[in-house]
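To keep things clear, I will list the structure first and then write my remarks on it.
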Amino acid sequence: MKRRNFLGLMGAAGISATLATEAQAGGNIHFEGYPGSKGVLFDATRCIGCRKCEVGCNEVNNLPKPAKPFDDLTVLDTERRTQNEAYTVVNKYVQEDGTTVFRKIQCMHCLEPSCASACFVSAFAKQPSGAVTYDESVCVGCRYCMVACPFEIPTYTYNDPITPKVVKCDLCDANIKAGRIAVPGCVSKCPKEALIFGERDELLKIARNRIEAAPDKYLDHIYGEREMGGTSWLYLSGVPFKQIGMREDLGVQSGPELTSGALSVVAMVPALWPLLLAGVYGMTKRTDKINKKEKADAVAEAIATTQDKAKADLKTAMERAQADKEATVKREVAKALEEAAKAAEEGEKEEEGA
Ligand code: SF4
Ligand code: SF4
Ligand code: SF4
């Protein structure tokens, strides 16, 4: 179905062109975020690495139970990424002084998501709620989103041959909108209030207040306030963010701003597809025409060659006939002269006998 949809879209040059235009526009406009949109503040100084947030996420999303139980904290000895069956994971980072800092990982819900910008069928969307959601019904499985995400978050269900899809945290948007839960599953399970769910603007105020109240405890930096144009998940830490596995090289420009040119080209591909197909069809027809012309030329050349040969043969034959005719005439003349001479000789003999 998805591939049929895809081909349907590809065939509809108008729709594809519209999508391309939207993607291009999205790549050129800096988006400051929806007013009142929600997010989560994670405070690494409070996290104890208990993995209860993983439990909450697993339960609220009806995910399969992991091979090792959630209370097995030896899992933290290996650095992990999010997976198809784990939309969030907690990692442990041992510092140079031997202390341990934990960090929770999930989709950052960027204000201007690179994943959404890269997706030419608009399967990803930044919602007014703050969540970046994914619609598998329109996904064509190109996985540009996975390449585009600077935080390496989306995963893909490669082992599902019938309905493969992209997987990531949705900020519990569907569950919250449906009224099944009031706050994300991970937030509700945290025993240390290392996670706070609320309006992003309010979370920024809380974060600033914490930094001001305990400047020795916190870095004077709210990760996500400006990184990649801003994210709905915000982080506080007492150690440099790269020491808890977070990229510090991303800058403050959003993904779409950084890659607008390249992404516009990506979006142009489906837009140009019908034209390319038309071009290929045209080329094929032209090739047919060329083939037909070549055939006609070859036939004409063969006819011309045959005609030339026929003419040459005819000329040779006529020359030969002419030569034969002349020889015959000569021979007949010689014969006639010979007979005439013979008759004259016999006539002289008869006259002498008479
Ligand atoms: S973290 Fe990655 S998947 Fe999540 S919104 Fe940002 S770009 Fe998209
Ligand atoms: S917000 Fe929801 S989906 Fe995302 S990590 Fe938390 S529980 Fe999981
Ligand atoms: S539940 Fe809270 S304290 Fe426990 S690992 Fe998750 S974020 Fe950290």
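Numbers for the structure displayed
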| read-out | value |
| --- | --- |
| Number of the condition not met by residue 184 [criteria: (1) within 24 Å of residue 71 (Cα to Cα); (2) away from ligand 1 (no atom under 16 Å from the Cβ)] | (2) |
| Out of 142, 172, sole residue that is open to solvent by 20 Å² or more (accessible area, probe 1.4 Å) and either touching an Asp or Glu at 6+ places or on another chain (Cβ under 9 Å) or under 28 Å from residue 250 (Cα atoms) (or both) | 142 |
| Considering residues of region 206-219 that are surrounded by fewer than 18 Cβ atoms within 10 Å (Cβ to Cβ) and touching a residue at least 40 places away in the same chain (Cβ under 8 Å) only, the residue nearest to ligand 2 (Cβ to nearest atom) | 206 |
| Leading residue by the ranking (farthest from residue 172 (Cα to Cα)) among those in region 227-245 that are free of Cβ contacts under 8 Å to residues at least 60 places away in the same chain and surrounded by fewer than 16 Cβ atoms within 10 Å (Cβ to Cβ) | 240 |
| Which listed residue is under 20 Å from residue 36 (Cβ atoms), within 13 Å of ligand 2 (Cβ to nearest atom) and aliphatic (A, V, I, L, M), from 203, 195 | 195 |
| Tally, over region 147-171, of residues that are more than 14 Å from ligand 1 (Cβ to nearest atom) and touching a Gly at 6+ places or on another chain (Cβ under 9 Å) | 1 |
| Check on residue 127, of a type in the set (S, T, N, Q) and within 12 Å of ligand 2 (Cβ to nearest atom) | no |
| Where a residue in region 246-258 is of a type in the set (Asp, Glu) and its partner, wherever it lies, is modelled with pLDDT of 90 or more, with Cβ under 7 Å and at least six apart | 248/241; 248/242; 257/229 |
| Test: residue in region 176-198 that is buried (at least 18 other Cβ atoms within 10 Å of the Cβ), modelled with pLDDT of 95 or more and at positive phi | no |
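The values are calculated or read from the model by the stated rules, or taken from the named source; none is laboratory data. Computed from a predicted structure; not experimentally measured. Counting neighbours? That spans all protein chains shown, and the Cβs are built from the backbone with ideal geometry, glycine included. We work out accessible area using only protein heavy atoms, side chains counted, and drop any ligands, DNA or RNA first. Shrake-Rupley method; radii C 1.70, N 1.55, O 1.52, S 1.80 Å.
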